[in-house]
Structures are given as C-alpha cells and as structure tokens.
Amino acid sequence: MKTNKELEIYIHIPFCVRKCNYCDFLSFPGCEDIHGEYVRALIREVKAYAGLYGNREVSSVFIGGGTPSILDPALTTDISETVFTSFNVAGDVEFTIESNPGTLSDKKLLSYRTAGINRISMGLQSADNDMLRKLGRIHTYEEFLDNYDKARKAGFENINIDLISGLPGESKDGFEKTLRKVTGLRPEHISSYGLIIEPGTPFFDIYGEEAEAEERKSLPSDEEERAIYYMTRDILKDAGYHQYEISNYALKGYECRHNKGYWTRKEYAGFGLGASSMYEELRYKNTPDIGEYLNADFDKNVQTVMADVSSEPFEERDELALKEIKKLSKEESMSEMMFLGLRLNDGVCKQMFYDAYGMLPKDVYGKEIAKFKAEELLDENDKYVYLTKKGMDLANYVMSAFV
Amino acid sequence: MDQQHIRNFCIVAHIDHGKSTLADRIIEKTGLLTQREMQEQVLDNMDLERERGITIKAQTVRTIYKAKNGEEYIFNLIDTPGHVDFNYEVSRALAACDGAILIVDAAQGIEAQTLANVYLALDHDLEVFPVINKIDLPSAEPQRVIEEIEDVIGIEAEGCPLISAKNGIGIEDVLEAVVEKFPAPKGDSAAPLKALIFDSLYDPYKGVIVFVRIFDGTVKKGTPIKMMATGATADVVEVGYFGAGQFIPCDELSAGMVGYITASIKNVKDTAVGDTVTNRENPCENALPGYKKVLSMVYCGLYPADGAKYPDLRDALEKLQLNDASLFYEPETSVALGFGFRCGFLGLLHLEVIQERLEREYNLDLVTTAPGVIYKVYKTNGEMIELTNPSNLPDPSEIDHMEEPVVKAEIMVTKDFIGPIMELCQERRGVYISMEYIEANRALLKYDMPLNEIIYDFFDALKSRSKGYASFDYELKGYERSKLVKLDILINHEEVDALSFIVFEGNAYERGRKMCERLKEEIPRHLFEVPIQAAIGGKIIARETVKALRKDVLAKCYGGDITRKKKLLEKQKEGKKRMRQIGTVEVPQAAFMSVLKLDEDK
C-alpha cells in the first residue's frame, strides 16, 4: 500500500438546542451539563488513536453533529488543539465546523478562527420562515443573515449553506426563492439535499408510509421532486456553482474535500459518539450509547482495532465502546469503490480502481456496466465511469447492483 | 371391562363455543391427568390449531371416570374437527360414537355450525344432550338458549348442565349425564371383526397408526386384517388405547372399544377414513355404511419462491400427505413461476393450513396462485374434462359448455344484518332458496351458491358485513351449467399464466378491472411504463399503467456511515431477488397473493 497516506478526521458533537422534525441523526437536545464531560472523553479518544494513525497527513477535519456550535467555544478550542497536537495536520487543512444559525456569535466565530477552523457550514435549510417553523428549526431567515454576516466579518472565506428541498407544502417556486436568496449571498459551497422522511421522526408520523394519505399529498410527487432537483441544478449552474456530487455544488476550487474523501475511499478517523471510521480496509463504528462512551477505555478500542486488521473472523465485543468492526474483503472494497464513487459527477476513477485492485471496473462489473449503459444510466470516458443525468435520478437503482 | 361400562362420545359445537375447553376439563376431572400435566388445551395438538383456536385433526382420549354410583366407566372422548372443510372427517368421527354432547354458548345461542353438527349427530342416531356453556358471562341468557334449543332443534334441554368450561363450573353434571344419558355400546365380541377407521396418522417408527372403533369382534397382535374398501392387507403389530397425548399398548381391543392398530402400513392412503377393518381370514359380511372417497374441492398452484427449493417443497408435501390423505398434489410448471405443484384441498381453510404448515414447519417461502374449483368442461367432440388449472382450458371454439360446483349454503344472521347479507349472497351469484326466523331476532337464510364464489373471501365479507353476527355452513349440492370464461392477465403485453383464472362471465369485467388496479399497486415502477391488462379470449377488457420510475435516489451523507448506506442498498437488492421476472418486468411474490383478496377495502 501507499506510504504517508492522507487521513480525514470526523468529530461528532451529539448535542443540539432541539431536535428538528425531520432529524434522525444521533443528537440530544439540551444536556448542557454533560458537554464538558463529553469533550473530555472525546479528547481522551483522539489522543488514544494518535499512535494508530501515526504519520498520516490529515487533509481535512470536520466537526459535525448535532449542532457543534452549541458548545462553549473554549471546548471547541480544546478539541481543535488536541487534534493539532496529536496528529500530523497538513498546512492547508480544510477544517470545517457545522453550525446552526441562531447559535453563533462574534465571540464564538472569532474563537473558531483562532482555533484553526477555516470553513463553516451553516444549516439554513430554507429561506422561508414558514418552512423553517414547519421543520422545527430554531432560527429565522433574518437570524441566519445576521449570523452569515458575522461569519464573513470574522474572516470565514469558505462558507457552506445547507438546504433541504421537497418540503411538505413547498412549491417549486417557493424553493426557487430560497435558491435565489442564497446564491445572492455568494457562499462558496451549497449543499441541497432532498427531504427524506426517516422512521422515528415527527415527520414520519405525519408524512410517513403509515400516515394519512391527505398529509402525504403535501409532499412532492417523484415527478415534482425531480423537477425541483433539475431547477436547483440549473439555477446554481447559472450562478456559477458547479455540481460535483449528487447533492453538492461549489464555486470553482471550493468543493468540499472532506465530502469527496468519503466517496473516494480516503481513510478517515471518526471520533465521538456513534462516529464511523475507516482504517486500512477496516470499518468500525463507535457505540451510540452515551453512558458507554463517556466511560470507555479507548486504549482497549485501539487495541481491538489493531488486532482486527490482522485477525479474522471477528467476534462480537459487547464490553467495548465499539459497535461494529468489519474488515472488508476485496470484493466488498471494490463494491464500495463503485457505489460510493458514483455519487460524484466525475464518477469512479478507473486509475484509482486499478491502483487499488489491479483490475479495471469493467473487468469486475462488465455485465452491470454494460446493462446500465444500455439503459442510459451510466456512461464512461477514458478516466471515469459515471452516472448520466438520468442515472443520478435513479442512483440507488444503479448503486444497488454493485453491492 | 364389559361394554356396560364404556361410553363412546364426542362433543359438537359451533366454533368458539368451548368444545376444546370442555374436553380439557373432562380429561382433568376424570383424573388420568394432573393439572400440571395438562397443556392448555390437551386435545388441540398442532401449534396452528392452538393459535387459531380450531381443531383440524380429530384427537381421541380414553379416561376413567368413577361415577356417583360408585362404578368406574371408560370414557372414550373423540374430538372432532370444527370446520366445514372437514365435514366428512366429522361424520366418520361421529359414526364411531354412541352419543354427542352439544355445547351451546349461553350468550350467542345456536349458530349455523351448531345446527349443522347437531343434525349430523342425529343423522348418525347418536344420543344428544345439550350443555349450556359460558354461563358466567355477563351477557349469558341460559333460559333463552334452552328455549331456543328446544324450539329450533327439538331436543329436550330443560334441566341440562349449565357450565363454565373455562372456570370448571358444572363439569361433574356433564360427566354424570354422560354415564346416564349415553347408551353403552352393544357389539358382539365373538362375531367377525368389524371396525371403523375414523382417523389415522403416520408415525416414522410405527408406520400408520389407525384409529378405530370396534363394532364387532376382537383384534390383537397378529390378527390378519384387511381394509374392505381399499383392499389393503396387513398383520397387526400392536393394539392399544389413547392416553392423553400418548399411545398405550394393550392385549386386545374388543367390541365396543375405541383404540388404535399398527400393522407396518406405510401409507395413510391404505387406511382411508370411513373404511372398515375386518379379519381377512374370517371377514364380516358387510362393511360399515357411509364410506366415501374424499375429494378435493379447491385447487391452487403452490410454487417455491426460490426455484431451487423445488425438491424441498416436494419432500414437504410428501411428508404432509403421509398424515393427510385428503391432500392431493401433482407437479406442474408455470411460465411465470417455474416448477411447482397443483394441489387439491378439502376447502380454503385446509389450503391455508397446509400452506402455513409448509411455511412454518418446513421453512418454505411459497407463492400461491389463485385458488379455484374443479370445473367440468364439455367439449364439442363429446369429451368431458375436469379442469383444475385454468391454464389448461381448451380453446373456446372447442368448448360446448361448462359446469361449476354449487353448494347449499346456510347462513344464520341477526335481523339487522339480513339485508346486507342477502345483498352479499346476490353479489356472489347466490340463488335464494328460503328464509325462516328461528327466533324473533334471528333468521336462517338458505342459498344455492357457486363454490368458486365462496372460496375467495366470502368468510371475511360475511364477517365484516354482519359485524360478526352471521355464521355460515355449506355442503356440496352438485354441478350446474354456467357461463364461465377464462380471464387472462397481461403484464407488459405478456400473458402471466399464474394469474389466469376462471370467472363467471357477468363478473369478468369487474374482476379484471380490480385485478389490474391491485397489480398496479403491487408492481414497482420500472425504467419504462408497464401496462397491466385483463383480457378474455384475446380481447382487452381493462387496463392500468405503472408509470416509469422517475426517482430512486437518497443522497444523505450520514457522517461517513457507509455501512448504513450499504445496508440500504443491500435491502434494495434483496427486494429485487424476491421478485419474479416476467419478460422484462419484475413482479413481487406478494402480487400473486394480493389479487386473491380483491374485495378487501384498501
């Protein structure tokens, strides 16, 4: 394998002010009293893994949530310092923090900058206050604008705005207004995800499979949803944002390095509650149980992860703060390279595939690729195998053939 | 023990009136079993029976009762199946008895099956006495029910035992009545052997275990026996009687007794229920009356969901048939479903029971085609064929006419629901025969109805339209000429043989439309439009379209939780595997089943 590999770091902050109505991420509202204890455990974890990841060069750090910006900025600084002192962080690192507009202040933003954070991701979701209320967001569009200005003033030159399309009761025109407002602000990066009604959320009770047909009708049909998606692509393109992934758009030079890392199978170390990691060809995941996490013996976790790189098969390990550990076979690894790579507009890089497995995608998936090319869902050029526009509409249909 | 101290009897009732519970109490009170040994319902052995609260196979138990007169009596309690599908088994079990306890629910009173069963018992010249059960229910009206029994059935009910089988109230009265009211058997032990087979089951070690009631003569180890109807012969290996849940060997069985015989018989088909066992060296003159060959009434195709499981399905059917001579099967192939079996059943319940046992006990995933009846097809060349698979219907030009089986249906319903139930019967092509009030608030409706109209979901419809206040029973009347057509379903212009069925011409349009609607819901969107059409003889009568798939993408990031994304994709792929490929269209297994229940509310 290659030497001096790149590494991405993900840090999970499982706290927020309140759960949004659509949210199924691992996050607890309130809980201010354990923020400090959690960050201490997090710092122990980061330090414990420093040796394992050794000399890898950290190209990206991403603090996600939950709402990481809910933390006292001093805690964020502690986390950042631990990362910088424990890992070999690249000079041009992309260091992102997710934030909820409504939790930011000048002081916080400045403190992030001082801590080395150079990219901020703001969860706006919609520029329509009625929609924000429906989603259960804690902020208005005006509060977002105020926070956005503050971030610019604090010196953030790389800002992402998160949007959600396909909201119940929102027309195509409604979302167009949001897009127009947001592009007017010229953030460097825009993520626009289609709403997913996840089981266990309040939205599921109202709009889910078992809910009243009448309520479900306020969600866009597949045809309407696609029309909104195409509109998003067009408006953003006209405004100078190119699409590089199914749901992500950026100005030239501002594609999210961290995001792309996942789809190109860069190694990443996830720290914090429920965080996922990929080390060598091993995928492991932390416990989602906060009690277990706070009391975890992370050195033991590291030993387990190290042991598992060389030993097979793996046993269940209830006593550890690890939820899943799985060494991927070559077939599984190849399958991932395909279905993950297809999320990118570039597609799956043939050279990268060949470097990793000594074969080309067509040698392994010739039948599938030919079928999807015939259905006009896949296409290829010298360098890449990629989804066509029609293929992007049916990405899961295509991807599922590669698992 | 002499015959004077034997009582052979059964319990008859409408479903849910407490037959099995009373049987349990009788076994408990007669003392051969301690309470600890009792399973909740001793006689209902199969899991399925316990879950559904119905008895499918007749069970029998011998107990000893010490009566108030100080003498000990042998009670042979023969449990009978409680469903119309098993009417013939019921009639043979009754033929093995001398008396029948009639249980009637103190709140519900007489129901359709109460009448059917009691008439069946009276037809067999059994002594019948009623027992009013569930008297501790707040809604119990024992006096009203007593009057109803006397008025409607015409047997004496005043002074009958008032009991609660569930809570063990009044059981002693029942036991005493068994001794006093039921006659002792009157057979001649010295005469040639004459025994009735009322059930049999296959045991891997003993071979077929034959359940018999000895009318005349004696049978013991070594007796050379012969089944008079099937002609099978064997030498007896063991005789014995029925403990609760076990077989207890004894030296001999003589006139009046109920017990079992084993004789290294390998196939239950040789020991048909209703047949007479005799001594082949010293045979009796005449067989017992009433034997008939059991015929399948309902047919369907059973296919393994995974084609590779075909041998497993065959093995499972073979094993089930060892114990169930009324199950018929033969291999068939379907273009849509591959290799499978055309299976014949006594009725829809029997079908469901077999299907569930295959799925549960043999772990098979099945696809079932629409159940149908046997049609008689008279061809222009004078030939007649019995049609069990719609795909085999000859070209319409070769058909002169067709006949379908018709049943005599009896429905008992409270006054408020007579209207809706008559409407239902009319919709199902019922021919009104009569209506009589059996009491001020309840009527007995009689209809002649085509069997194919009741094998789908008639029970469900009856239940929902009467809010549960209707009960139903039927028997085969015969075959009648009818205008029938074959309805074909085309998916993406390709005919799907497994979805074809025979339908009354007048209902064909409606059926076809509903089938298309239902299939539209079941078939997932494809990359292209999928037309679903219903056709009769090549003429399209209904059409729906599954629109092309426009969106199948969920692009969340999950903070790098690739495993989660992968699981979702795996699930999607798994789902595809469970589909049947019909041309270029993938049809879920469930689609073949869902079209059976067309009348259900969506």
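Since every read-out is calculated from the coordinates, none of them should be taken as a lab result. Please read these numbers as outputs of a predicted model, since none were measured by experiment. Here the Cβ positions follow ideal geometry from the backbone for every residue, glycine too, while neighbour counts run over all protein chains shown.
The figures follow:
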read-out: Inter-label distance, nm, simple model (7 Å from Cα along the C-beta direction), A:Ala90/B:Asp203; value: 7.8 nm
read-out: Rounded to 10°, Cα long-axis angle of helix B:505-522 versus longest principal axis of chain B; value: 70 degrees
read-out: Amide N proximity, the stretch B:320-337 versus B:Gln581 label position 7 Å along Cα-to-Cβ, cut-off under 18 Å; value: B:334-337
read-out: Along each principal axis, Cα extent of chain A, largest first, Å; value: 56, 55, 44
read-out: Folded to 0 to 90 degrees: helix B:171-181 orientation relative to chain B principal axis, Cα; value: 70 degrees
read-out: Whether the stretch B:169-215 is rounded, prolate or oblate, judged on the alpha carbon gyration tensor where a/c under 1.5 counts as rounded; value: oblate
read-out: Overall dimensions of the stretch A:58-157 by Cα: Rg and Dmax, Å; value: 14.1, 45
read-out: Fully extended contour minus Cα-Cα distance, from A:Lys237 to A:Glu214, at 0.36 nm per residue; value: 4.8 nm
read-out: Helical contribution to [θ] at 222 nm, DSSP H n ≥ 4, -39,500 (n - 2.57), averaged over chain A, rounded to 500; value: -13000 deg cm²/dmol
read-out: Debye, to nearest 20: dipole size of the protein assembly as shown, +1 on Lys, Arg Cβ, -1 on Asp, Glu Cβ; value: 3120 debye
read-out: MRE, 222 nm, helices only [DSSP H, n ≥ 4, -39500 (n - 2.57), over chain B, to nearest 500]; value: -7000 deg cm²/dmol
read-out: Gyration tensor verdict on the stretch A:194-284 (Cα atoms; rounded if a/c is under 1.5, prolate if a/b is larger than b/c, oblate otherwise); value: oblate
read-out: Set A:Lys367/B:Lys539; A:Lys181/A:Lys266; A:Lys153/A:Lys260; A:Lys217/A:Lys350; B:Lys520/B:Lys573; A:Lys108/B:Lys565 screened for pairs whose C-alpha atoms are more than 31 Å apart; value: A:Lys367/B:Lys539; A:Lys181/A:Lys266; A:Lys217/A:Lys350; A:Lys108/B:Lys565
read-out: Förster-model FRET efficiency, 41 Å R0, B:His493 and A:Lys362, C-beta, rounded to 0.05; value: 0.75
read-out: Computed FRET value (nearest 0.05) for A:Ile34 with B:Arg564, which takes r as the C-beta separation and R₀ as 30 Å; value: 0.75
read-out: Rounded to the nearest 20 debye, dipole of chain B from Cβ charges on Lys, Arg, Asp, Glu; value: 2480 debye
read-out: Dipole-positive endmost among B:Ile540, B:Ala440, B:Ser500 within the stretch B:440-545 (Cβ charges, Cα centre); value: B:Ala440
read-out: Beta bridge orientation in chain B: antiparallel %, DSSP, nearest 5; value: 85 percent
read-out: Segment B:Lys483-B:Arg360, length gained on full extension (0.36 nm per residue, minus Cα span); value: 40.3 nm
read-out: Length released on extending from B:Cys250 to B:Ala67, taking residue separation times 0.36 nm less the Cα-Cα span; value: 63.5 nm
read-out: Restricting the stretch A:134-180 to GluC sites (Glu not before Pro) in coil, as DSSP defines it, with at most 13 other Cβ within 10 Å; value: A:Glu157
read-out: Two-site FRET efficiency, B:Glu427 against B:Ala229, from Cβ-Cβ distance with R₀ of 35 Å, rounded to 0.05; value: 0.25
read-out: Helix axis angle, B:310-323 relative to chain B longest principal axis, alpha carbon, degrees; value: 20 degrees
read-out: Counting all C-alpha pairs of the protein assembly as shown, share separated by more than 51 Å (%); value: 43 percent
read-out: Bridge type composition, the protein assembly as shown - antiparallel percent by DSSP, nearest 5; value: 70 percent
read-out: In nm, spacing of pseudo-spin labels at B:Lys181 and B:Lys29 (7 Å Cα→C-beta vector); value: 1.2 nm
read-out: Estimated distance in nm for a label pair at B:His526 and A:Ser171, the labels positioned 7 Å out from Cα along Cα-to-Cβ; value: 3.7 nm
read-out: For the stretch B:398-468, with +1 on Lys and Arg beta carbons and -1 on Asp and Glu, the positive-most of B:Ser464, B:Val406, B:Ile454 along the dipole; value: B:Ser464
